[in-house]
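Beneath this line is the structure, given in structure tokens, with notes to follow.
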Amino acid sequence: MQIECPFCGKRDAHEFAYLGDATVARPDPAVPDAARAFYEYVYLRDNPAGSHRELWYHSAGCHSWLVVTRDTRTHAIETIAQVGAR
Amino acid sequence: MTPLPQSRRLASGGLIDRSRTLSFQFDGKPMTGHPGDTLASALIANGTILAGRSFKYHRPRGILTAGSEEPNALVELRSGARREPNTKATTVELFDGLVARSQNRWPSLGFDVMSVNSLLSPIFVAGFYYKTFMWPAAFWEKLYEPLIRRAAGLGRASREPDPDSYEKAFAFCDVLVIGGGPTGLMAALSAARAGAHVILCDEDFSFGGRLLSEQFVIDGQSGADWKAAAVFELEQNPAVTLMRRTTVFGGYDQSTYGALERVGDHLPVPLPHMPRQRLWKIVAKRAVLAAGAVERQIVFGGNDRPGVMMASALRSYVNRFAAAPAQRLGLFTNNDDGWKTVADCIRAGIKVEAVIDPRPAIPEAFRQLAIQAGARLFEGGLVQDAHGTARGLQSIDVMTSTGRTESVAVDGLAVSGGWNPAVALTCHLGARPVWRDDISAFVAGDTPPGLVVAGAATGAFDLRSCLADGVRLGAEAAQAAGFTAVAPTVPAASEETLGLMPLWKVTGARTKAFVDFQNDVTAKDIVIAEREGFRSVEHLKRYTTLGMATDQGKTANVNGLAIMAALTGRSIPETGTTTFRPPYTPVAIGAFAGHHRGKHFRPTRLTPSHAWAAEQGAQFVEAGQWLRAQWFPKPGETDWLTSVNREVIAVRGAVGVCDVSTLGKIDIQGADAGTLLDRVYINGFSALPVGKVRYGAMLREDGIVMDDGTTARLAQDRYVMSTTTANAAKVMQHLEFCHQVLWPELDVQMVSVTEQWAQFSIAGPRARDTIQKLIDPMADVSNMALPYMGVTTITVCGGIPGRLFRISFSGELAYELAVPARYGDGVIRAIMSAGAEYGIVAYGTEALGVMRIEKGHPAGNELNGTATARDLGLGKLMSQKKDFIGRVMAERSGLTNPDRPSLAGFVPVNRADRLRAGAHFLGLGAHPSASNDQGYMTSVAFSPSLSHWVGLGLIKNGPNRHGERVRAYDPVRRGDIEVEICSPVFIDPEGGRLRV
Amino acid sequence: MSDPMPNPRFAFAGHLTAIGSLVAGAGITLMPKDDLALATVIARKGQAGVLGERVQALFGIPLPARPKRAAAGKIAFIGTGPGQWLAIEESSGDPQSFAAKLATEFAGSGSVCDQSDGRAVIRVSGPRARHVLAKGLPVDLHPRAFGPGDAALSQIALISTLLWQIDEAPTYEIAVFRSMAGSFADWLIASGAEYGIAAMS
Ligand SMILES: [Zn+2]
């Protein structure tokens, strides 16, 4: 599989580390039901057959965290973007 | 023995170099051939018809095909360490000195004792593995398996290490053309003329595909001449890479292809520094699959007899290799293409005795051809059985259109059942082929993005269509890759017809009729599978092993499916479809490993003091990728414990030095550096004064400890963090996640500086005296100026800039001195000479481990992925004033339960007993069971300071049970001793020695 | 302190000796670059523009926003990530002072870290350099895809690498983590052996 890093260009998937679901957000630890929110954040994941937003890390390249929208059935990649600070 | 003349070599013709003669041996018999031969063609030229014995029944088998689809002619090639089983004689390029042996025969190929398996064939029928060997279990190991292993098998691998080298390589192109036959050559020309960068691969050692094997005429030239001109044009184009002897074996995501180049397989041994094979990963913008088609058989009795051959293969041997597989040939064809064989045999002077064509009416031209050949023509006839011996075919039984059976004497039979397009690569990403009734064959279904199929691989079997396809699809591929194609011209070629009448199996055969030759699957096995309910194609495959051998059923699958369809009264597409997974042909494991074997299995990281440690005779140990000094044996020390005890005693009594450069070091700068550290560590760092160091632990978001280490504040906006050796990369990735994904608003800059610094721990009561001698004047490292947990910048050894940390892992007065890595070698030598007067020793990871256990510091064994900060006695560090990663989840009731296994120390009640890491804790007298398990011993060491073994472990409610006795139960090593729970700190619990 | 300052030990020391001296007609030539000063420079939050102006003003170099090498005189900057660069000084007599100088100049706009010892750089040049590198680098080095001034962060033989092209000879320079210099040299020698290797010091 090839992933096109916005900084480095198209690279083999071996250069990247996979983390998983990019649609979950770390909850505010101050909310009253933070324990439940964190439980869901840490453990509960959808497993869609189709388009999925995922976090990948270009570990052998520029160390960017990327949000990759990938079709889990075909591995076709729709969009790739730097996340956050970069 | 002098070789006999090549009795079956035709007097003229062929694409072989008759000016040179190559010598080779088959089963010890000397033979000769010519450059351009394959082993199979040379064997045929020498009149050798028998090539091997089959897998299960040890039936004699001949050469069936002339390509990589060959199921029969598998040989052991070469000898000694290079002996390789299951090599296809049909793809082995002949070289001088080649040695090959037939397989699966004992004691000789002609007379094989195991062919008695044929008599036992009732036990080898479909499903025999499942049925016969179900019970009793003990019989399996002692009786069945050894029996099967000896009786059934595919050659013998060498037991010696592979002496050859392999490598990997990457290639990139606009257009990858897979297959160098007429379609592929035309596609490559068309794409290259448009300016595209083209890679053209073919598994053969010569481009041309069927052009080499048929009597084609293109643009008024012979097929071979046209091919030579095409290859010349491609070779002149610098944008074209021609890869002969290269099989594209797999198609992967995003237009990535795997290919195996046999770099040195055609040589007796690879040249110096030449790899034997090279595994290519090819990234192509577009790919054209022009892999052609594979001729399929017709299933009849004795269809596996030596002397039965695919018609296209026979033409290859006659036309390309000038070798005659038969002298009195029968031809059994259900299509027009097979009739080319007659014309070619007339030209080559091979007598065609009979043509059996099951079609009720054939074109008049073929009738004339049969007359011209002097062959008997059986229109509407069938070959029911072929008879012969291991030495060759003797006769065939022909069922005529009127239902009579006639015997015809032949010494060879060419068979054509039609063609199966080679669509394997279209299936590698999950697509399935689809059935086409008009050609009675599967063609590509959905193709992966970027891949198009061309020529015979699409089911367009005639040359004119192939050339046209190549022109058009080569140009389109170039266009899709961003080039402007020039107006394509299609070379002229004569028209061909197929006229196929499907025929999969002849009924009424009296002898065994084979579907899968390599796995010895018969038509009857499919009947049994159907009868027992294994009717889906997936069940059929697994129950009969149809299509599961090294040839992946290239000549067998569709026949098997068609037979099952007929048995169940369904159509072929209703019955199922064949599909393919990589690799298309077998790939040696060595090729996948490439450079990475033996000591190059993975990169090795060497510490800055490695060369010095090696000079000292250090024993090294792998710590992840690092090679670290484990201990430094002195002359006369033969036992590791003696060396380690000496090192520990020296550190605790005087001073020692250890290379700790492998610990991860991360430079963290920015206005919000302290804020980020507060959020990743359980304890606070933003309030740490400049010039101070603090121990910290970090959690995963689920509340479990991820890593620990010390972090020093070098400036208001600059820290340097240390991580454990094992987790350095993981922590860096985690910090980048925290910054980039969670808190991008922070002003933080991070970079690994692990490799920049050589870092030495100098520990022991004389550590300061030693340091004092190294540092340059003006620096004050007194206890007052640099107290415990302080850090300062200094220069050492006359100007080398460094950092000096007053931190200790051993529990002694200790420093860590960091200098630029290039000076690591010089500085350790300087430390050793500075400390010589105090009796300094170098110590390794073992002594380091002993001392950290004596001090109760948790390390990798305790940070086991299940322990919380509280479990490790770090609960009091957990800040109540701030949020940090893992804080919320760490409060879950299951993680705060005091009954959780928690850190404690252990000493043997009988002080002479040895402790074992991994021993489980049980109550005294408790039955050893999982429900009585209280935890386990994580780390142990012999403490030379206490003269007995000490251990750390995680035990239920550990901190509150000091003084209690439990069993340390270690059934694997027959250990079952009583131990006492105690504080994990065995030495200097008040920490007085650290602060002097 | 009377002992002289210890000699530095460079990362490739002892790892390139196995291939002997200059081979006539060698396919590749290897030369360790021990005299480079290296420093990572990372823009502070929101300060990339200011940092770029400082670099332009000091060295006359436009900071590359992509994996490219921009050089003037003895100084070069290579883009190694968004807002991150590796700064290089050629023939540096005093590598530590390079990072110190940059840190002073970039105060407030960039964080600087000395890496002169953290990375080992080797120069690979010659007519077969591309063939050798293709055996490990999953990046297209064909001139139409990669030329002088281009750089790539990737990995070769499981070793993280930063590679940049100097000229069309072609000449490449490759930085690897110092501790892996030996393993990287092993791979280079194994991969280049069939073309002939010359080693220079
Ligand atoms: Zn990247």
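What are the GluC sites (Glu not before Pro) within segment B:526-593 that DSSP puts in a loop, where the Cβ has at most 12 other Cβ atoms within 10 Å?
none
Other chains near B:737-750: what is the mean number of their Cβ atoms within 10 Å of each residue's Cβ?
If you average over the peptide's residues, the count of other-chain Cβ atoms is 6.
Treat each spin label as a single point 7 Å out from the Cα along the C-beta direction, and report the B:Val217 to A:Ala35 distance in nm.
Distance between the two pseudo-spin positions: 9.1 nm.
Rounded to the nearest 10 Å², what accessible area does B:Val506 have for a 1.4 Å probe in the complete protein model?
Approximately 10 Å² of B:Val506 is accessible to the 1.4 Å probe.
What residues does segment B:245-268 have that are buried by at least 10 Å² of accessible area in the full protein assembly compared to the chain on its own, 1.4 angstrom probe?
Those residues are B:Asp253, B:Gln254, B:Thr256.
At 1.4 Å probe size, what's the solvent-accessible area of B:Thr585? Round to the nearest 10 Å².
Around 10 Å² of this residue is reachable by solvent.
Between B and C, buried accessible area summed over both sides at probe 1.4 Å, in Å² to the nearest 100?
Roughly 4300 Å².
Extending each Cα 7 Å along its Cβ direction at B:His962 and B:Ala365, get the distance between those two points in nm, one decimal.
In this crude spin-label approximation the distance works out to 10.2 nm.
Using the Karplus curve 6.51 cos²θ - 1.76 cosθ + 1.60 with θ = phi - 60°, what ³J(HN,Hα) values do you get for each residue of segment B:216-228, in whole Hz, with x for Gly and Pro?
So the Karplus estimates, Gly and Pro as x, are 7, 10, 10, 6, x, 9, 5, x, 5, 5, 4, 4, 4 Hz.
Got a sec to turn the phi values of segment B:474-482 into Karplus ³J(HN,Hα) couplings, 6.51 cos²θ - 1.76 cosθ + 1.60 with θ = phi - 60°, whole Hz, x for Gly and Pro?
x, 5, 5, 5, 5, 4, 5, 8, x
Report the accessible area of B:Ser440, computed with a 1.4 Å probe over the heavy atoms of all protein chains in place, in Å² rounded to the nearest 10.
10
Scattering from the C-alpha atoms of segment B:466-591 alone, worked out with Debye: what is log10 I(q)/I(0) at q = 0.09 1/Å?
-0.44
Starting from the Cα of B:Arg510, step 7 Å toward the Cβ, then list every residue of segment B:387-418 with an amide N under 16 Å from that point.
Under cut-off, by backbone N: B:387-389, B:394-400, B:403-409.
Total Å² of accessible surface buried at the C-A contact, 1.4 Å probe, nearest 100?
1100
Taking amide hydrogens as modeled 1.01 Å from N in the peptide plane, which residues meet the under 5 Å criterion relative to B:Gly208, leaving out close sequence neighbours?
B:Gly180, B:Gly181
Check which residues have an amide H placed less than 5 Å from C:Gln155's amide H, if you skip close sequence neighbours.
Amide H neighbours of C:Gln155: C:Thr161.
Considering every residue in C:182-188, what mean count of other chain Cβ atoms within 10 Å of its Cβ is obtained?
Across C:182-188, the average partner-chain Cβ count within 10 Å equals 4.
Calculate the FRET efficiency for B:Leu498 and B:Gln236 from the Cβ-Cβ distance with a Förster distance of 41 Å, rounded to the nearest 0.05.
Once the sixth-power term is evaluated, E becomes 0.70.
Quantify, in whole percent, the carbon and sulfur part of the accessible surface of the protein assembly as shown (1.4 Å probe; protein heavy atoms only).
54
Can you give me the angle between helix B:182-193 and the longest principal axis of chain B, using Cα atoms only, in degrees from 0 to 90, rounded to the nearest 10?
60
Using θ = phi - 60° and the Karplus curve 6.51 cos²θ - 1.76 cosθ + 1.60, what whole-Hz ³J(HN,Hα) does each residue of segment B:284-297 get, with Gly and Pro shown as x?
Per-residue couplings from phi come out as 10, 5, 9, 9, 10, 8, 10, 8, x, 9, 10, 5, 10, 8 Hz.
Could you do me a favour and compute the accessible area per residue for the protein assembly as shown, 1.4 Å probe, result in Å²?
Averaged over the residues of the protein assembly as shown, the accessible area is 38 Å².
Using the 2.2 N^0.38 Å rule of thumb for compact globular proteins, work out how the protein assembly as shown stacks up: its C-alpha Rg over that value, please.
1.10
Rg and Dmax of segment B:649-782, using alpha carbons, in Å: what are they?
Looking at segment B:649-782, its Cα Rg and Dmax stand at 16.5, 51 Å.
Which of B:Ala492, B:Leu185, B:Asn335 sits farthest toward the positive end of the charge dipole of the protein assembly as shown, with +1 on the Cβ of Lys and Arg and -1 on the Cβ of Asp and Glu?
Farthest towards the positive end: B:Asn335.
Given a 1.4 Å probe and heavy atoms of the protein chains only, how would you sort B:Lys541, B:Lys881, C:Lys135, largest accessible area at the top?
Numbers: B:Lys541 55, B:Lys881 190, C:Lys135 15 Å².
Heavy-atom accessible area, descending, gives B:Lys881, B:Lys541, C:Lys135.
Place +1 on the Cβ of every Lys and Arg and -1 on the Cβ of every Asp and Glu in segment B:297-417, take the dipole about the Cα centre, and give the residue among B:Gly307, B:Thr400, B:Ala324 whose Cα lies farthest towards its positive end.
B:Ala324
Please give the FRET efficiency for C:Ala65 paired with A:Glu78, using the beta carbon to beta carbon distance and R0 = 25 Å, rounded to the nearest 0.05.
My answer for the efficiency is 0.55.
Roughly how many nanometres apart are two label points built 7 Å out from the Cα toward the Cβ at B:Glu980 and B:Arg20?
Result: 8.4 nm between the two label points.
How many square angstrom of accessible surface are buried between B and A, both sides summed, with a 1.4 Å probe and rounding to 100? Spell out each step's value before the answer.
Numbers: alone 40570 and 5720 Å², together 44120 Å².
Buried surface at the B/A interface: approximately 2200 Å².
Expressed as a whole number of Å, what is the distance separating the alpha-carbon centroids of segment C:63-127 and segment B:46-84?
That distance is 61 Å.
Is there a simple number for the mean count of other chain Cβ atoms within 10 Å of the Cβ of residues in B:786-797, and what is it?
1
Using just the helices of chain B, give the 222 nm mean residue ellipticity in deg cm²/dmol: DSSP H runs with n ≥ 4 each add -39,500 (n - 2.57), and the total is spread over all residues, rounded to 500. Don't skip to the end; give the middle numbers.
Working: 24 runs with 205 residues, N = 996.
Calculated mean residue ellipticity at 222 nm is -5500 deg cm²/dmol.
Go through segment B:663-677 and flag every residue whose accessible area shrinks by 10 Å² or more with all protein chains in place compared to the isolated chain (probe 1.4 Å).
Going by heavy-atom accessible area, the residues of segment B:663-677 that drop by at least 10 Å² are B:Gln669.
Out of segment B:934-996, which trypsin sites (Lys or Arg not before Pro) are coil in DSSP terms and have no more than 10 other C-beta atoms within 10 Å?
B:Arg974
Here are some pairs, B:Lys351/B:Lys524; B:Lys281/B:Lys541; C:Lys33/C:Lys74; B:Lys665/C:Lys101; B:Lys599/C:Lys68; which of them have Cα atoms lying more than 25 Å apart in this structure?
B:Lys351/B:Lys524; B:Lys281/B:Lys541; B:Lys599/C:Lys68
Run the numbers on segment B:822-848: which residues show a drop of 50 Å² or more in accessible area, chain on its own versus all protein chains together, using a 1.4 Å probe over heavy atoms?
Hits at the 50 Å² cut-off: B:Arg822, B:Tyr823.
Can you tell me the FRET efficiency between C:Arg123 and C:Asn7 if r is taken as the Cβ-Cβ distance and R0 is 22 Å, rounded to the nearest 0.05? The partial results should precede the final answer.
Values: r = 22 Å, r/R0 = 1.01.
Between C:Arg123 and C:Asn7 the formula returns 0.50.
In terms of modelled amide H atoms, which long-range or inter-chain residues lie less than 5 Å from the amide H of B:Arg328?
When sequence neighbours closer than 5 places are left aside, the close amide H contacts are B:Asp411, B:Gly412.
The values are calculated or read from the model by the stated rules, or taken from the named source; none is laboratory data. Remember, it's a predicted structure, so these values are computed and weren't measured experimentally. For neighbour counting, all protein chains shown are included, and Cβ atoms are generated from backbone atoms with ideal geometry for every residue, glycine included. Keep in mind that these areas ignore ligands, DNA and RNA; they rest on the heavy atoms of the full protein, side chains included. Shrake-Rupley method; radii C 1.70, N 1.55, O 1.52, S 1.80 Å.
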